[in-house]
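K.L.:
Please see the structure below; I have some questions.
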Amino acid sequence: MTNSAITDYPSPMSHLKWSPAEKAIARKAFNLALEQEFEAVIRETKKMAAKVEHPSDLWELEGYLTQSRTKIDRLYDYRYSVLPEVFGTLIRKGRLREQDLHGLRDDKLEYIRAYANF
């Protein structure tokens, strides 16, 4: 099976419909988690930068930043078809609480809970 054949199948969450109110809740929760993620990266970067003494320390710092950016870019995907998975992962990692998603309909919360417990 080719990669394109795999992507031809719709996401199991692609049928979910997001109301304007749910979109606002989702955006707020997403931004909250992303802000926390950036704050954690900034704290760690400052710690590492304070210890820089040798050129190799610079490359270690660069590697950390590159790895952090890649992780953030992969996890923080705001497409509605994958948001339940993203939110479940963020809950599991402690970046969100289910209360941050208060107001989403049960169909979405069921997917989120499933991914959080995965």
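None of the figures in this text is laboratory data; all of them are computed from the coordinates on show. Keep in mind it's a predicted model, so treat the numbers as computed, not measured. Positions of Cβ are generated from backbone atoms using ideal geometry, with glycine treated the same way; all protein chains shown enter the neighbour counts.
K.L.:
What residue among 109, 70, 91 has its Cα farthest toward the positive end of the dipole of the chain, where the charges are +1 on Lys, Arg and -1 on Asp, Glu, each on the Cβ?
P.N.:
109
K.L.:
Still on this structure, please answer the following. What dipole magnitude, in Debye to the nearest 20, does the stretch 18-116 give about its Cα centre under +1 on Lys/Arg Cβ and -1 on Asp/Glu Cβ?
P.N.:
Charge dipole of the stretch 18-116: 180 debye, to the nearest 20.
K.L.:
Let me ask something else about it. Hey, could you get me the Stokes-Einstein D for the stretch 18-116, Kirkwood radius over alpha-carbon pairs, 37 °C and 0.692 mPa s, rounded to whole µm² s⁻¹?
P.N.:
222 µm²/s
K.L.:
Using Cβ counts within 10 Å as a stand-in for footprinting exposure, how do 30, 87, 118, 38 rank, fewest first?
P.N.:
118, 38, 30, 87
K.L.:
Sticking with this one: Highest first, please rank the peptides 97-110, 55-68 by the mean number of other Cβ atoms sitting within 10 Å of their residues.
P.N.:
With the highest mean Cβ count within 10 Å placed first, the list reads 97-110, 55-68.
K.L.:
A further question follows. Do the sum for the chain: with -39,500 (n - 2.57) for every DSSP H run of n ≥ 4, divided by all residues, what is the mean residue ellipticity at 222 nm, to the nearest 500 deg cm²/dmol?
P.N.:
Theoretical 222 nm ellipticity from helices: -22000 deg cm²/dmol.
K.L.:
Still on this structure, I have one more. Is there a pair in 23/47; 28/108; 47/71 whose C-alpha atoms are over 25 Å apart, and which pairs would that be?
P.N.:
Pairs exceeding the cut-off: 23/47.
K.L.:
Report the Cα centroid-to-centroid distance between the stretch 80-114 and the stretch 23-72 in angstrom, as an integer.
P.N.:
23 Å
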